[in-house]
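Asks: Quick one: this structure, given as structure tokens, is what I'll be asking you about.
The values are calculated or read from the model by the stated rules, or taken from the named source; none is laboratory data. Note that this is a predicted model, so its numbers are computed, not measured. Glycine gets a Cβ as well: all are built from the backbone with ideal geometry, and neighbour counts include every protein chain shown. With ligands, DNA and RNA removed, areas are computed over all heavy atoms of the protein, side chains included. Shrake-Rupley method; radii C 1.70, N 1.55, O 1.52, S 1.80 Å.
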Amino acid sequence: MIGYYSIKSGISNQDFVDNKTALVKTVDVVLQEINQDNWEECIRLKTTEEQENFVASNLYSLAQSKFYPSCVPLGVYHNQTMVGFVMYETMSTGDQNSGYCICRLMIDKNHQRKGYGKAAMQAVINLLKDKPDCKKISTSYVPKNAVAEKLYYSLGFHATGLIEDGEIVLSLSVESRAGVTTQS
């Protein structure tokens, strides 16, 4: 189980460019295990009302992780403030075996549009790529969630043609230790 994973993420999206200085801002996030010290902080994070149908609540996700030990819940921190939540799981059956699934991503409504979602995804992708058994990473999104769709495609995910539980499934090829990219 990880306790701490950090990434400095250079965001090149135009939304984060300071036009006066023409510099790209860097967003730093840390992924930290959800435990007895921070779980209540995690369940206080909320999406906007419009986003409630796009992602399960953090309380539900934490409960799920207790019954499905392959699920790993992580807090997304910026400057020691939890700004979001991400959860991944090991995929061991079906078409998704030989990899991991990022099954939850949410950024608190008070911290959105600051680059934390992209930085969190980059951090968890890097974390998973470091695992020797990771050949691919999948995720999914509700079709009406245009923000998630744009984010995932910008990170290199591509459509698999699968729809699971009404969500569009995406996959990201991962380079193996030998430097060979596997195709999904």
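Asks: Looking at (1) of a type in the set (D, E, K, R); (2) open to solvent by 20 Å² or more (accessible area, probe 1.4 Å); (3) closer than 17 Å to residue 28 by Cα, which is the one condition that is false for residue 165?
Replies: All conditions pass for residue 165, except number (3).
Asks: Here are some conditions: (1) in contact with a helix residue (DSSP H, G or I) (Cβ under 7 Å, 6 or more places away or on another chain); (2) without any contact (Cβ under 8 Å) to a residue 24 or more places away in the chain. Residue 130 meets all but one. Which one does it not meet?
Replies: Unmet condition: (1).
Asks: For the structure I just gave you, tell me whether residue 66 is open to solvent by less than 60 Å² (accessible area, probe 1.4 Å) and either assigned to a helix (DSSP H, G or I) or of a type in the set (S, T, N, Q) (or both). Reasoning before the result, please.
Replies: Details: open to solvent by less than 60 Å² (accessible area, probe 1.4 Å): no; either assigned to a helix (DSSP H, G or I) or of a type in the set (S, T, N, Q) (or both): yes.
Judged against the criteria, residue 66 is not a match.
Asks: Out of (1) at pLDDT 95 or above; (2) assigned to a strand (DSSP E or B); (3) open to solvent by 60 Å² or more (accessible area, probe 1.4 Å), the odd one out for residue 8 is which?
Replies: Unmet condition: (1).
Asks: A further question follows. Would it be correct to say that residue 155 is crowded, with 19+ Cβ neighbours inside 10 Å and within 23 Å of residue 27 (Cβ to Cβ)? Show your work before the answer.
Replies: Details: crowded, with 19+ Cβ neighbours inside 10 Å: no; within 23 Å of residue 27 (Cβ to Cβ): yes.
Against the criterion (crowded, with 19+ Cβ neighbours inside 10 Å and within 23 Å of residue 27 (Cβ to Cβ)), residue 155 does not qualify.
Asks: Determine whether segment 128-135 contains at least one residue that is touching a Gly at 6+ places or on another chain (Cβ under 8 Å), of a type in the set (Lys, Arg) and more than 22 Å from residue 59 (Cα to Cα).
Replies: Looking for residues that are touching a Gly at 6+ places or on another chain (Cβ under 8 Å), of a type in the set (Lys, Arg) and more than 22 Å from residue 59 (Cα to Cα), one finds at least one in segment 128-135, hence yes.
Asks: Look at residue 178 and say whether it is modelled with pLDDT of 95 or more, of a type outside the set (Ser, Thr, Tyr), over 28 Å from residue 41 (Cβ atoms) and open to solvent by 40 Å² or more (accessible area, probe 1.4 Å).
Replies: On the way: modelled with pLDDT of 95 or more: no; of a type outside the set (Ser, Thr, Tyr): yes; over 28 Å from residue 41 (Cβ atoms): yes; open to solvent by 40 Å² or more (accessible area, probe 1.4 Å): yes.
The answer is no for residue 178.
Asks: Restricting attention to segment 133-157, report how many residues are touching a residue at least 40 places away in the same chain (Cβ under 8 Å) and over 15 Å from residue 174 (Cα atoms).
Replies: Result for segment 133-157: 6.
Asks: Determine which single condition residue 89 fails, assuming it passes every other condition in (1) open to solvent by 40 Å² or more (accessible area, probe 1.4 Å); (2) under 22 Å from residue 172 (Cα atoms); (3) at pLDDT 95 or above; (4) part of a helix (DSSP H, G or I).
Replies: (4) is the only condition that residue 89 fails.
Asks: Would you pick out the residues in segment 65-79 that are touching a Ser or Thr at 6+ places or on another chain (Cβ under 6 Å) and within 15 Å of residue 38 (Cβ to Cβ)? Give the derivation first.
Replies: As a first pass, look at segment 65-79 and keep what is touching a Ser or Thr at 6+ places or on another chain (Cβ under 6 Å): 70-71, 73.
73, the sole residue that qualifies.
Asks: Against the definition (open to solvent by less than 20 Å² (accessible area, probe 1.4 Å), closer than 23 Å to residue 156 by Cβ, assigned to a strand (DSSP E or B) and not hydrophobic (A, V, I, L, M, F, W, C)), how does residue 75 come out, yes or no?
Replies: Working: open to solvent by less than 20 Å² (accessible area, probe 1.4 Å): yes; closer than 23 Å to residue 156 by Cβ: no; assigned to a strand (DSSP E or B): yes; not hydrophobic (A, V, I, L, M, F, W, C): yes.
Against the criterion (open to solvent by less than 20 Å² (accessible area, probe 1.4 Å), closer than 23 Å to residue 156 by Cβ, assigned to a strand (DSSP E or B) and not hydrophobic (A, V, I, L, M, F, W, C)), residue 75 does not qualify.
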